[in-house]
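Worksheet for the structure shown next.
What follows is calculated from the coordinates using simple rules that are stated; it is not laboratory data. Keep in mind the model is a prediction, meaning the values are calculated, not measured. Note that each Cβ is placed from the backbone with ideal geometry, even for glycine, and that neighbours are counted across all protein chains shown.
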Amino acid sequence: MPAPITVVIPTLNAAAELPGSLGALMEGLAEGLIREVVISDGGSSDATLQLAAEAGAELVSGTASRGGQLRRGCAAARGEWLLVLHADTQLAPGWAAVVAAHLQARQGEPGQPAYFQLKFRAKGPWPTLVAGWANVRARVFGLPYGDQGLLISRAAYVSAGEYPDQPLMEDVALVRRLTGLTALPVIALTSAARYQREGWLRRGAGNLWTLLRYFLGADPDKLARGYQK
């Protein structure tokens with residue numbers, strides 16, 4: 001029986017972070033969980049593609065758009081399950097056993113989607129507070145963001161309509177159509193670079209405002225332009 005999981009990682013000039021993300025996946029290979037890794041690139045000009053090739057990943061290229069890249073990457077996947085991760089997210093040691101147990105419990109069923117517990121690779125009260133809010137938002141409102149990772153069966157992914165080809169809020173668009181989202185007791189260690197650069201309070205408030213505007217019907221392309229400033 002082939003390994004059940006395809007890992008899908010969208011990239012754009014991610015050479016600094018990709019090795020850490022890929023390295024954390026090694027225990028999944030050792031456990032026979034990972035069938036393949038698909039890197040869906042949006043036009044990197046650094047060493048991202050070289051690193052992906054050296055790791056034996058399958059490469060998919062196209063226009064830079066997080067939703068479009070994820071859609072293309074998932075379309076190329078051959079596993080029964082998809083593990084979607086950001087290039088700057090590293091699953092903490094021990095994740096493979098937890099994921100294996102989750103998959104085993106769902107055998108014969110469509111597959112209950114799951115996400116991980118966010119933690120920033122930074123110290124201090126602000127990283128703890130912002131990550132804590134993200135985990136509460138995911139648990140209470142069913143809105144995990146992409147940096148928390150997503151484990152989903154192919155059947156559930158297709159049934160939910162797949163990732164929309166949009167540059168921002170593609171993760172929210174998908175998870176709002178999912179039922180039975182569950183939190184796995186695994187830490188997803190994520191880069192704090194953007195928060196450290198822009199300020200924790202300013203960035204956190206900006207993310208919340210962006211989410212509210214999206215719910216009110218704002219165009220994702222317009223939101224993305226503001227988000228990337």
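Just a few scattered comments:
- Between the alpha-carbon centres of the range 1-74 and the range 97-163 there is a gap of 18 Å.
- Rounded FRET efficiency, nearest 0.05, which uses the C-beta distance separating residue 54 from residue 177 and R0 of 22 Å: 0.05
- Modelled label positions at residue 63 and residue 208, each set 7 Å beyond Cα in the direction of Cβ, lie 3.4 nm from each other.
- Among the listed options [x] 25, 20, 19; [y] 31, 21, 17; [z] 43, 18, 15, the one matching semi-axes √(5λ) of the Cα gyration tensor in Å as calculated from these coordinates is [x].
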